[in-house]
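See structure below.
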Amino acid sequence: MASVVFLRGVNVGGHKTFRPARVARALAALDVVNVGAAGTYVVRKAIGPAALRAALGKKLPFEAELMVCPAREILDLVAAAPFPSTKAGKDVRPFVTVMAKRPRSVPPLPVSKPAGDDWQVKVVAVSGTFALSLWRHLGRSILYPNEMVEKTFGVAATTRSWNTILKIRDLLEA
């Protein structure tokens, strides 16, 4: 079964920068497809998570934290249509945060930061290792879903837009 790899904390603000497309080409034997610049890969060849982590680790110019998901989990997430009433736009954007492991506990949802009507990040659901959130830019200091999820659930995580998750689904179904 195919896998999806999400790298945490790379190509952000000049930190742990690299060229994701080069890494994908170096792993051509695994039929790896790069998705964007944030360190997201669709791995079409069946390979175990440990072997995949080792292969990818050899090609990266630094140590990186990897979240490896079976393709089926991504496909099931998209099929569940978790953002049915949300249209991506300038005001509200849907995001998926991939957590390194399932959180020990989940508080009553939604959880908003800041609390109340002026929220910027709202975690609306948790499904396995995925935290689903909405992000709203209000023109002041910016909060991001990843930071909130890591603090709320106490686990390492990395965040991608819902549009990126849809691209991953398209690559998996192609």
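The values are calculated or read from the model by the stated rules, or taken from the named source; none is laboratory data. Computed from a prediction, not measured in an experiment: that's the story for all the values here. Here the Cβ is made from the backbone with ideal geometry for all residues, glycine too, and neighbour counts use every protein chain on show.
Do we have any residue at all in region 15-34 that's surrounded by 14 or more Cβ atoms within 10 Å (Cβ to Cβ), among the aromatic types (Phe, Trp, Tyr), more than 20 Å from THR129 (Cα to Cα) and at pLDDT below 95? Scanning region 15-34, I find at least one residue that is surrounded by 14 or more Cβ atoms within 10 Å (Cβ to Cβ), among the aromatic types (Phe, Trp, Tyr), more than 20 Å from THR129 (Cα to Cα) and at pLDDT below 95, so the answer is yes. Counting only residues that are at pLDDT 95 or above and either of a type in the set (Val, Ile, Thr) or buried (at least 17 other Cβ atoms within 10 Å of the Cβ) (or both), region 75-93 holds 2 of them. Scanning region 129-155 for residues that are touching a Cys at 6+ places or on another chain (Cβ under 9 Å) and not aromatic (Phe, Trp, Tyr) yields a single hit, THR129. Counting only residues that are among the polar types (S, T, N, Q) and touching a helix residue (DSSP H, G or I) at 6+ places or on another chain (Cβ under 7 Å), region 1-50 holds 3 of them. Considering region 3-14, and only residues there that are among the small types (Gly, Ala, Ser) and at pLDDT below 95, the residue that is farthest from the chain's Cα centre (by Cα) turns out to be GLY14. Which condition from (1) surrounded by 15 or more Cβ atoms within 10 Å (Cβ to Cβ); (2) within 23 Å of ARG72 (Cβ to Cβ); (3) at pLDDT below 95 is the one that ALA174 breaks? It is condition (1) that ALA174 fails. If the condition is being of a type in the set (D, E, K, R) and over 19 Å from ILE168 (Cβ atoms), then region 27-64 contributes LYS58, LYS59, GLU63. Cβ separations smaller than 8 Å between residues 6+ apart or across chains give the following pairs from region 143-160 residues that are assigned by TED's automatic domain parsing to the domain that holds VAL126 to residues that are assigned to a loop (DSSP other than H, G, I, E, B) and polar (S, T, N, Q): LEU143/GLN120. Exactly one condition in (1) touching a Lys or Arg at 6+ places or on another chain (Cβ under 8 Å); (2) surrounded by 14 or more Cβ atoms within 10 Å (Cβ to Cβ); (3) free of Cβ contacts under 8 Å to residues at least 60 places away in the same chain is false for VAL98; which is it? Result: VAL98 passes all but (3).
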